[in-house]
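The values are calculated or read from the model by the stated rules, or taken from the named source; none is laboratory data. These numbers were taken from a predicted model, which means no experiment stands behind them. A quick note on method: Cβ atoms are made from the backbone with ideal geometry, for glycine too, and the neighbour counts reach across all protein chains shown. For the accessible areas, the whole protein counts, side chains as well, though only heavy atoms, and no ligand, DNA or RNA atoms are used. Shrake-Rupley method; radii C 1.70, N 1.55, O 1.52, S 1.80 Å.
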Amino acid sequence: MLRLNLYPENMDGGFFMIMIEANHLKKTIGERLLFSIDQLRIAKGDRIGLIGRNGSGKTTLLNILMGTESFDEGEIHNRAKISLIPQIQRNMSNQSGGERTNAAIQAAFAKSPDILFADEPTSNLDIESVRQLEQKLLRFKGAMIIISHDRAFLDTICNKIWEVENQTVTVFAGNYHMYTTWKEQQRKREALEYEQYQKKKKQLEHAILLKKQKAEKMIKPPSKRMGTSESRLWKMQKGTKQKGVHQSIEALETRISKLEKIEKPKNLPVVKMNVASESTLPNKTVIQAKDITASVDGKVLWEKASFSIQTGSKTAIIGANGSGKTTLIKRLQSKSDDIYVSTGVKFGYFSQHIDILDESKAILENVQATAVHSPEMIRTVLARLLFRGHDVFKDVGVLSGGEKVKVAFAKIFLSDINVLVMDEPTNFLDMESIQSLEHLLTHYEGTVIFVSHDRQFIQNVATDILEIKEQTIHAYAGSYQELQRKQQIPVKREEERLLIETKITEVLSLLSVAPTTELEQQFTALIKQRNELKQQ
């Protein structure tokens with residue numbers, strides 16, 4: 001049974017508090033159950049982040065709630081006007097992904113919806129465009145439900161998280177950070193419960209062992225010189241005592257069987273990679289760029305930019321769409337008069353192209369073909385990328401797009417390289433995979449250079465920043481958070497300077513009408529403050 005009910009506005013033009021309600025919702029694809037959900041509600045003021053692994057059914061659920069996709073069982077009551085920001089796919093048009101995403105955002109808002117649905121709205125946007133979208137969404141008065149893998153974005157926007165996991169949806173109050181805090185507390189609780197379960201089980205098993213040892217000792221008579229009557233008495237007592245011990249053992253075994261079995265929480269293995277060829281690098285500077293210039297179709301991307309990248313650093317390249325980030329990482333891999341590359345550098349370039357994979361072969365075969373690390377390390381890295389157990393024997397051809405991207409990354413990561421170069425490595429990855437990638441990169445002892453618009457990923461991985469801005473390349477030593485602090489200081493000082501200029505104008509107006517000593521002193525103090533800010 002399934003029903004999709006549309007309710008119009010009430011008499012005074014408003015809407016009910018609950019705008020969409022779904023009950024006993026069930027969806028299958030073939031014989032596979034995608035999800036079974038008791039109830040979901042979207043109310044006025046809800047800003048919902050919809051998260052889950054790739055393939056868990058997030059987009060399907062969004063489409064079902066919109067009424068554009070069928071479901072097997074349940075009912076949906078919709079009392080709202082919905083507008084969608086769809087996921088923008090790459091195409092061959094002249095428009096960039098960012099331009100098409102911005103056009104889709106404008107079109108969705110132009111419909112004046114009560115509820116805004118968005119499927120990966122930040123995937124093609126640069127950092128500044130994401131910030132602008134955040135401000136637009138924060139000003140939006142309606143409800144919203146957003147699929148996104150951008151954790152910083154979900155932190156800013158959301159007041160609820162819907163997690164699609166284990167074929168159902170769990171609702172959490174708060175933003176993404178509050179959700180992860182709760183999940184971490186849950187993980188600790190599960191670890192403690194498992195520890196207590198194991199401790200109790202071992203105590204009971206130890207008690208059984210002692211009882212069995214006691215029963216074995218009863219078999220031997222206390223003395224070989226016992227008389228007939230003593231022997232008969234001992235045998236009678238032995239039988240009674242043995243029966244009591246065996247009953248105790250059975251009781252203890254029953255207690256073990258009645259213990260609530262708690263599975264051991266899954267902890268992903270820690271990866272610490274020794275880069276075999278790292279020691280061959282002769283100095284601390286991997287790449288030195290001096291007065292480099294680049295242009296595309298007559299447009300200058302940057303000119304006379306100089307910077308260096310150090311051995312073992314994790315350098316993020318950031319900047320607006322079209323600023324030349326991809327051009328830069330390609331230039332850095334080619335030796336030229338204006339770019340020095342240290343002897344012994346072995347580049348590994350990951351650009352999300354999966355043409356390096358043989359789709360007729362298994363995941364493990366693909367990675368092993370070029371790997372220089374041990375079989376144990378290969379399996380550990382694949383496990384970290386969520387390919388566990390027999391998963392590694394799946395043919396690449398049956399994998400999803402996101403899974404193929406992870407296999408391609410593992411193939412490059414485990415090959416004979418010491419400088420890993422990546423262009424937008426988090427695209428197409430779910431959050432768990434992104435966090436696994438972060439772990440691999442932060443524990444990697446080689447040098448990493450990467451382009452990304454994912455602020456949380458940059459913050460968690462980068463030790464240095466190259467920012468392409470105003471046709472030059474600015475180099476910053478330190479984390480992304482530290483860079484943000486530095487960039488906010490001039491903004492705050494400029495705001496302070498404008499405030500002082502306004503006060504100076506006001507004081508000058510008063511001085512021209514009715515000059516006083518107090519106003520003159522105030523004017524002098526304001527001029528001094530303005531000059532100090534200019535010097536800063």
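At a glance:
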item: Among beta bridges that DSSP assigns inside the chain, antiparallel share in %, nearest 5; result: 50
item: Gain in span if fully extended, residue 112 to residue 529, counting 0.36 nm per residue against the direct Cα distance; result: 145.5 nm
item: 5 angstrom amide H check on residue 302, placed H, neighbours 5+ away; result: 294
item: Prolate/oblate/rounded label for the range 367-424 (Cα gyration tensor, a/c 1.5); result: oblate
item: Degrees, to the nearest 10: 127-139 long Cα axis against longest axis of the chain; result: 80
item: Cα gyration tensor shape for the range 24-119, rounded if a/c is under 1.5, else prolate or oblate; result: oblate
item: Coil-residue chymotrypsin sites (Phe, Trp or Tyr not before Pro) of the range 365-468, DSSP, other Cβ within 10 Å capped at 11; result: none
item: For the chain: relative contact order, % (alpha-carbon pairs under 8 angstrom, 6 or more apart); result: 12
item: From the coordinates shown, percent of Cα pairs over 29 Å apart corresponds to which of [x] 47; [y] 67; [z] 58; result: [y]
item: Rounded to whole Hz, the Karplus (6.51, -1.76, 1.60) HN-Hα couplings of the range 151-167, x for glycine and proline; result: 5, 5, 4, 5, 4, 6, 8, 8, 10, 8, 10, 9, 9, 8, 7, 6, 6
item: Neighbour count of at most 16 Cβ within 10 Å plus DSSP loop: longest GluC sites (Glu not before Pro)-free window in the chain; result: 70-259
item: Solvent-accessible surface (1.4 angstrom probe) belonging to residue 377, in square angstrom, nearest 10; result: 40
item: Whole-percent pair-distance distribution, where bins are 10 Å wide, for the alpha carbons of the range 87-161; result: 18, 56, 23, 3
item: Nearest-ten-degree value, helix 480-513 long axis tilted from longest Cα axis of the chain; result: 40
item: More than 16 Å apart - percent of Cα-Cα pairs taken over the range 428-488; result: 49
item: Whole-Hz ³J(HN,Hα) from phi, Karplus 6.51 cos²θ - 1.76 cosθ + 1.60, for the range 141-150, glycine and proline x; result: 8, x, 7, 8, 9, 10, 8, 7, 9, 8
item: Positive minus negative residues near residue 476 (Lys, Arg vs Asp, Glu; Cβ under 12 Å); result: 0
item: Accessible carbon and sulfur surface of the chain relative to its total accessible area, %, 1.4 Å; result: 51
item: Using θ = phi - 60° and Karplus 6.51 cos²θ - 1.76 cosθ + 1.60, couplings along the range 62-69 (whole Hz; Gly, Pro as x); result: 4, 5, 5, 5, 6, x, 9, 9
item: Entries of 284/330; 111/141; 27/406; 188/394; 111/325 with Cα pairs more than 25 Å apart; result: 27/406; 188/394; 111/325
item: Helix-only [θ]222 nm of the chain, DSSP H runs n ≥ 4, -39500 (n - 2.57) each, per residue, nearest 500; result: -14000 deg cm²/dmol
item: Using a Förster distance of 22 Å, the FRET efficiency for residue 333-residue 416 (Cβ separation, nearest 0.05); result: 0.90
item: Per residue, in Å², the accessible surface of the chain once ligands and nucleic acids are set aside, probe 1.4 Å; result: 55
